[in-house]
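S.K.: Attaching a single structure in structure tokens format; questions to follow.
Only the coordinates and a few stated rules stand behind these numbers; no lab work does. The structure displayed is predicted, hence computed values, not measured ones. Ideal geometry is used to build each Cβ from the backbone, glycine not excepted, and the neighbour counts take in all protein chains shown.
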Amino acid sequence: MAPSQVGSVEFAASRFETQLVVVMGHTQCGAVIATLEELQGRTKNQSRNLRSIVDRVRPSVETLLYGGLEGSHEALVRATIRANVRASVNHLRHGSELLERLIQETGLLVVGAEYSLETGVVEFFENVPDVG
Ligand SMILES: [Zn+2]
């Protein structure tokens, strides 16, 4: 997650006393698909701007790429979209002292969700305990 994105959330949470932050991924995400293609060596000569997207999604993908899902591109895309949301939730919860304090003191909630472009349904992830 880019520092500017974390900063935007910090601003909203501290200035407007926002109580809920939703990190929403979506199906058929081009950023995720581009990253997968890049890591699988299926693309060349990527633009610098596209590369900056790939570099942000990459950590979420790499763990999955070598985790047995190589066979099904569809399954890998789905899993990566979710892993990327979870990583961003985790980053917001722990990558900012300000947000970490608000979570503890005011009960600020940071949750993940996925929007389905096919059905229009938003599915909220279970609020699993933190890993880090
Ligand atoms: Zn997307």
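S.K.: Rounded to the nearest 20 Debye, what is the dipole magnitude of the chain about its Cα centre when Lys and Arg each give +1 and Asp and Glu each give -1 at the C-beta?
M.R.: On the way: 12 positive and 16 negative charges, 93 e Å.
Computed charge dipole of the chain: roughly 440 debye.
S.K.: Kindly state, to the nearest 0.05, the FRET efficiency for S72 paired with V121, given R0 = 22 Å and r defined as their beta-carbon distance.
M.R.: Approximately 0.50, to the nearest 0.05.
S.K.: Another one. In whole Hz and in residue order, list the ³J(HN,Hα) couplings for the range 53-63 that follow from phi through the Karplus curve 6.51 cos²θ - 1.76 cosθ + 1.60, θ = phi - 60°; x for Gly and Pro.
M.R.: Once rounded to whole Hz, the list reads 6, 4, 5, 7, 7, 3, x, 5, 7, 4, 4.
S.K.: Could you compute Rg(Cα) / (2.2 N^0.38 Å) for the range 3-124, with N its residue count?
M.R.: Rg over 2.2 N^0.38 Å, computed on Cα atoms: 1.16.
S.K.: For the peptides 117-123, 5-11, what is the packing order when you average, over each peptide's residues, the other Cβ atoms within 10 Å and list the highest mean first?
M.R.: 5-11, 117-123
S.K.: May I pose another question? Run through the range 17-122 and list the trypsin sites (Lys or Arg not before Pro) located in a DSSP loop whose Cβ has at most 14 other Cβ atoms within 10 Å.
M.R.: Of the trypsin sites (Lys or Arg not before Pro), the ones in loops of the range 17-122 whose Cβ has at most 14 other Cβ atoms within 10 Å are R42, K44.
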